[in-house]
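A short reminder: the numbers here are calculations on the coordinates, not readings from a lab. Computed from a predicted model, the values in this text were never measured in an experiment. Here the Cβ positions follow ideal geometry from the backbone for every residue, glycine too, while neighbour counts run over all protein chains shown.
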Amino acid sequence: MQRVPQRRIHVIAIGCWLLMTSAAVRADSISCFNCHTNEMHQFSASAHAQAGLNCVDCHGGDPRIADETAHATDNFKRPDNKKAIAELCASCHGDVRRMNPYGLPTDQLDRYKTSKHGEQLFTHNDQKVAVCTDCHGVHDILKVKSPQARVYPTNIPQTCGRCHGDAKLMQEYKLPTDIITQYQSSYHAYMVFEKGDLSAPTCVTCHGSHGATPPGTAQVGQVCGKCHVRQRELFEKSPHAEVAAAGLFNECVSCHGNHGIQKASVELFAKTCVQCHANDPKQLQLRDELAGLIHRTQVDYTNADTVVHDATVRGLATDDEQLLLQEAKTQVTQLEAMQHLLAADQLRPVATRFDEIVKLTLADVADLERIERWKRHALAPIWAFLALMAILFWAKRRQLEQGRKP
Amino acid sequence: MNEEQRISRRTFLDWLLAGGLLTWAVAFVAPVISYVWPAQRRGPSIQTVSAGKADEFADWQTKMVAIAGQPVIVVRTPQGFRAFSAICTHLGCIVGWDAARRLIACPCHAGFFDINGRPVAGPPPRPLSEHAVAVVNGEVLVKSA
Amino acid sequence: MKVPPKIRAWLAERYDIGVVEKFADEQLHKPLPAETGFWHTFGSLSLFLFLNQVVTGILLMVYYRPTTNTAFESVRFIMTKAHFGWLIRGLHAWGATLMILCVLIHMMRTFFMGAYKKPRELTWVLGVFIFGCTVTFGFTGYLLPWNQLSYWATTVGTEITGAIPLAGQYLKVLLRGGEGVTGETLARFYVLHVVVLPWVLTMLIATHLFLMRVQGLATFERVGEEKPIDKGRGIPFFPNHVLKEGVVFCLLIGALVTLIIFWPVELGEKADPLVTPEGIKPEWYFLSTYQLLKYFPKTLGLFVSLIPPLLLLLWPFLDRGRERHPKKRPVAVTIGIVAVVLALAFGTVGYLSERNISVGGHPYHFDIYGVPHRLPEQPKR
C-alpha cells in the first residue's frame, strides 16, 4: 500500500477535530451540562428548549470549554440583580421581529414598569419584589397554556402566594397577609378549582399580570364589570354611582368584598347597608323592601318548584306548568340583578309579574289535583254497580239451585 | 207461587243480568277505544311543533313556542328561519329578542347571542342549542332536539 | 248460547260437529265436587288477571317505546296525554301485584288442601313453574318504565345473579347485555317480557288447565280413594260455579279499581346511573329473599335462598302421605304455616330495613339487618 502523504493526514485530523468540536456546540452536548446537571433536567422540558434555545443564548459563555473558564468570556451574563433579569428577558421578549413567529406580545417590560412590582424595582431598587423569573420560573419556563406552568390559572394563587401569602414579607410592606387564604375561600376560587371554569377570576384576571396593580377606587367597577356587565350597568344608574365617583364608596368591594368574595345572597343586605346607613331609617326601609322582595320571590319560587316537581313525579301532566316556572325563574333572577338599581318602584312590577305567574302555575296544578279527586268520587258509582252485579250473580245462582231441587 | 210468576221473575232476573253484563262490556270497551284513538296528531315521539304560518312572520320577527315543555325562540331572517332553545346558557333565564340590536338577549345579566346562537356579549358561556326548522306547505315546523 | 239452525246445518255438512258439541257441553256442564267453594276461585282469578295483563300490556305497547331515550317519556305520555292511559297503566301495574298475590294464595290453598298429591303431582310442578314465570314477568316488567326505582332495583336484582358460582358472572352479563344496566338490558327485558314469557306462560297455563280438567278438582278424600262425582251432588261448572266466581270477580274488579285510584302508580324520576337513591329495595314479592340474602355470605346465601323453591317443586314427591284434609296432616300443615310466617317475617323486616320510622313518637333507624336503633331526638328549636 502506498504511504498516505503526511499533509493529507493532518488535513483529515483537523477536519475530524473540527467536526467533533462543532458537534460539541450542539445543545444536547454543550459542556455546560457536564456540571450544571440540575439545570439540564429543568431546561430540557421547557418552552425555551422547545424553541431551540440553549444556555448560551441567555448566558453567553463558551460552550466548548468543559470547565469554569467557559464562564470567562466577555459575553458571559449572569444576572445578579432583578433589574438585570428583567432587561435580559426583555432583550428577546421585547423584540417584535423575534417574537413575531411565536405570536407573543412584546410590551411586558413596559407594562411591568407601570406595575407596583416594577415601580418598586426600577425606582427604589427593591430586590424583594417579583420579577419575570419569580412568576414564570427560571430554567423550567413553560408556555402559559400548559397546565404545569406556574402561571396557568389553577397555579396562579400558589405563585402569587409565594410572596403575598408570606405574612412576614407582607408586613414589611404593610400589605394584608391573608389574601391568598381569603381568595381560596371565595366563590371565584370555587369556580376555578371545583367547577373547573377557567374563565373565572384568579389574581391576574382582576389585577393584571405584567402591569399588576390593585385597581384604584375608581376602577373597581370596571374590573368587576368586565364579567358582571349587567350589575355594573344597573349600578351606574343607581344613587350609589355618584357616591362611588366621589370616592366615598368602593363600588362593588364595599358590599361584596374582594378577595374573599362569596356567592351573593339576601343575607348581604343585613350586613352591608348598615355600614353607612345605620342611622338612616329611610334607607333601611328601602333595604328591607328590596331584601323582602327578593327573599320572598326566591322562597315562593322554591315552593312552586317543589309543588310542580311532586306533581310531575306522580305522573300528572305538568308541561305547561314547567314552562311557567321557567318564566318565573327569569323574573327572580332579574330581581337579583336589578337590586343594584336601588329603586323599589322598578323592582315592584317585576315582582308582581312573578306573583301572577306563580299564582297561575299553582292554580293549574290545583286543577290537576281536582281531576284526581274526581276519580275518587267516581269510585262510589263503580262500587255500586259492582255490588249490584254481585247480587245479580248470587241471586241467579240461588235461583238455579232452587230450580234443581226436586 | 204459580208457574207464571216464577217464569216472569226468572225472566226479569235474566233481563237484569243481561243488561248489567252489557253495561259492563261497554264500560270495558269504551275506555280502550278512547285510549287507542290518537290523543294528539303525533304520539309520544313528538318530532315537530308548528310555529304558525310562514306568512305571519315578517323579516326579523320572532315567536316563542314550547317543545316538550321547553321554550324555543323562532326567528325569521332574510336567509330563512332559525330556532334556538330559549333557555340562556348562563343561569337559565328565558331569553328574548332585541329588535334594535338584532340579537337574542337575556334580560337577567345582559347576555347577548347572535343569529347563530353564539354568545357575543355578557356572561353566557355556551351557545344556545339550535333546533332545525323547515317550512312545509307554508307552515313553519320546528324539530325537537 | 244456541247456534242458529241454518249455520249449524251448514257446518254439519262439512264437519263432525257432534264431537265438538259434545266436548263443549261436557266441559261447560262438568260437575265439580260439592265442596268447591270460595277458596277455589283463586285459580280463575289468577287466570283472569293474566288475561288482564295481556290485554293491558298490548294496549301499553301501542305507546310505549323501549329505548333509554324514549321509555320514560313514553310512559309519561301514556299517563298524561293518552285518554285513560293512567287507567291502562294502573290496571297493568296493580294487576301484576294482584296476579302474584292470587297465584300465591292459590298455591297455598292447593298446599293446605293437599290437592298436590297423587295423581296431581305434575299439575303442582307446572304450577310452581307458573309461579316462577309470573315472578319473572314482574322482574322484567319492573325495569320498563326506566325510572330511578326501576333502574336501581334491577341493578340490585341482577347483581345477585352474579353470586351464582361458576356461571354467575356469565349469567349476569347475559341478562344485562353488558357490564351494567343499560339500554341493552332494557331491550332484553322487553323481549323477555313481551314475547318469550307470554308464550311460555301460556303453554304452562294451558297444560296446567288441561291436566286439571282431565283429572278433575281434588276433594278431601284420601289418595287412592277418590270417587267419581255423583251427578246429583256435583255443581255444574257452568253456570253455577261460574256465577260464584262472578261474585268474586266483582270484588276483584272493585279492589283493582280502588287500588288504582287511591294508590296511583307514580311516574317517578327518570333513571340516572350516576345518582343512587337511598334505600333501594326490590318489589314486595322479592323482599323476603332479599332480606334473607343479607344474613349470609354471597354463595351460601344463594344456596339457602334456593331451598324454598326447590322444596316447593319437589314437595309432592317428598310428602307421600295419603291424607288430604289439613286436620289430618299436622306435619305438612305446620311446615306450611312456618314457611308462610317466615316469608312474611323476612318480608316485613326487608321492608323496614334501611328506613327511618317513628315508633310510639320516637324516631328509629332500622339498619340493613332490620335491627332498630333509636335515633337521638332532634333538639327543639
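Would you work out the charge dipole size for chain B about its Cα centre, treating the Cβ of every Lys and Arg as +1 and the Cβ of every Asp and Glu as -1, and quote it to the nearest 20 debye? Walk me through the numbers before you get to the answer.
On the way: 14 positive and 10 negative charges, 59 e Å.
It works out to roughly 280 debye.
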> Highest GNM mean-square fluctuation, chain C, Cα pairs closer than 10 Å: which of C:106, C:92, C:362?
Replying inline: C:362
>> For the protein assembly as shown, I need the span (max minus min coordinate) of the C-alpha atoms along each principal axis, in Å, sorted largest to smallest.
In response: 139, 101, 68
> What is the distance, in nm, between label points placed 7 Å from the Cα along the Cα-to-Cβ direction at residue A:246 and at residue C:284?
Replying inline: 7.4 nm
> Say the dipole of the protein assembly as shown comes from +1 at the beta carbon of Lys and Arg and -1 at that of Asp and Glu; which of C:113, C:265, C:168 then lies farthest toward its positive end?
Replying inline: C:113
> Which FRET efficiency value, to the nearest 0.05, is calculated for residue C:355 and residue C:276 with the Förster distance at 22 angstrom and r the Cβ-Cβ distance?
Replying inline: 0.90
> Among the helices of chain C (complete DSSP H runs), which have Cα atoms covering no less than 24 Å along the helix axis and a Kyte-Doolittle mean of at least 1.6?
Replying inline: C:42-63, C:242-262, C:298-318, C:330-352
> Under a GNM of chain B (C-alpha, springs under 10 Å), which listed residue has the highest mean-square fluctuation: B:51, B:99, B:86?
Replying inline: B:99
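Tell me the mean residue ellipticity at 222 nm calculated for the protein assembly as shown from its helices only (DSSP H runs of n ≥ 4, each -39500 (n - 2.57), averaged over every residue, nearest 500). Walk me through the numbers on the way to the answer.
Numbers: 39 runs with 522 residues, N = 932.
Dividing the helical sum by the residues of the protein assembly as shown leaves -18000 deg cm²/dmol.
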>> Tell me the angle of helix A:82-93 to the major Cα principal axis of chain A, expressed in degrees between 0 and 90 and rounded to the nearest ten.
In response: 80 degrees
> For the charge dipole of chain C, defined by +1 on Lys and Arg C-beta atoms and -1 on Asp and Glu C-beta atoms about the Cα centroid, which residue among C:325, C:276, C:10 has the Cα displaced farthest towards the positive pole?
Replying inline: C:325
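Given R₀ = 41 Å, what would the calculated FRET efficiency be for residue A:34 paired with residue A:190, taking r from the Cβ atoms and rounding to 0.05?
Working: r = 49 Å, r/R0 = 1.19.
Efficiency computed from Cβ-Cβ geometry: 0.25.
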> Once fully extended, how much extra length lies between residue C:97 and residue C:28, figured as 0.36 nm per residue of separation less the alpha-carbon to alpha-carbon distance?
Replying inline: 21.8 nm
>> Which lysines, if any, have their Cα less than 18 Å from the Cα of residue C:298, not counting same-chain residues under 8 positions apart?
In response: C:172, C:281
> Computed over the Cα atoms, what is the radius of gyration of chain A divided by 2.2 N^0.38 Å, N being its residue count?
Replying inline: 1.76
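Report D for region A:156-233 in µm² per second (integer): Stokes-Einstein, Kirkwood Rh on Cα pairs, 4 °C, 1.567 mPa s. Could you put the intermediate results ahead of the total?
Details: Rh = 13.6 Å.
This corresponds to a translational diffusion coefficient of 95 µm²/s.
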> Which chymotrypsin sites (Phe, Trp or Tyr not before Pro) from region C:1-76 combine a DSSP loop assignment with at most 11 other Cβ atoms within 10 Å?
Replying inline: C:15
>> Straight-line reach from residue A:83: which aspartates and glutamates fall under 17 Å, measuring Cα to Cα and dropping same-chain residues less than 8 apart?
In response: A:107, A:110, A:119, A:126, A:134
>> At a 10 Å Cβ-Cβ cut-off, how would you order B:64, A:389, fewest neighbours first?
In response: B:64, A:389
> Mind checking the angle between helix A:281-314 and chain A's longest principal axis? C-alpha axes, 0 to 90 degrees, to the nearest 10.
Replying inline: 70 degrees
> Taking the Cα centre of region A:283-404 as the origin, how large is its charge dipole in debye, to the nearest 20, when only Lys and Arg (+1) and Asp and Glu (-1) carry charge on their Cβ atoms?
Replying inline: 1220 debye
>> Just to compare against my own numbers: the Cα pair-distance distribution for region B:20-116, 5 Å bins, whole % per bin, please.
In response: 2, 11, 17, 15, 13, 9, 7, 5, 5, 5, 4, 3, 2, 1, 0
> Looking at region C:285-372, which trypsin sites (Lys or Arg not before Pro) are in a loop (DSSP not H, G, I, E or B) and have at most 11 other Cβ atoms within 10 Å?
Replying inline: C:320
> If you take the charge dipole of region A:276-374 about its Cα centre, with +1 on Lys and Arg Cβ and -1 on Asp and Glu Cβ, which of A:374, A:328, A:347 is farthest toward its positive end?
Replying inline: A:347
> Which value, in debye to the nearest 20, describes the size of the charge dipole of region C:314-381 about its Cα centre when Lys and Arg Cβ atoms bear +1, Asp and Glu Cβ atoms bear -1, and nothing else is charged?
Replying inline: 360 debye
> How many nm separate the modelled label positions at residue A:343 and residue C:371, each set 7 Å beyond the Cα in the direction of the Cβ?
Replying inline: 6.8 nm
>> Connecting C-alpha atoms closer than 10 Å in a GNM of chain B, tell me which of B:30, B:66, B:83 has the biggest fluctuation.
In response: B:30
>> On a straight-distance basis, which lysines could pair with residue A:77 in a cross-link, Cα separation under 28 angstrom, same-chain partners fewer than 8 positions away excluded?
In response: A:113, A:116, A:128, A:143
> Any idea how far apart residue A:352 and residue C:202 come out in nm if each label point goes 7 Å out from Cα toward Cβ?
Replying inline: 6.6 nm
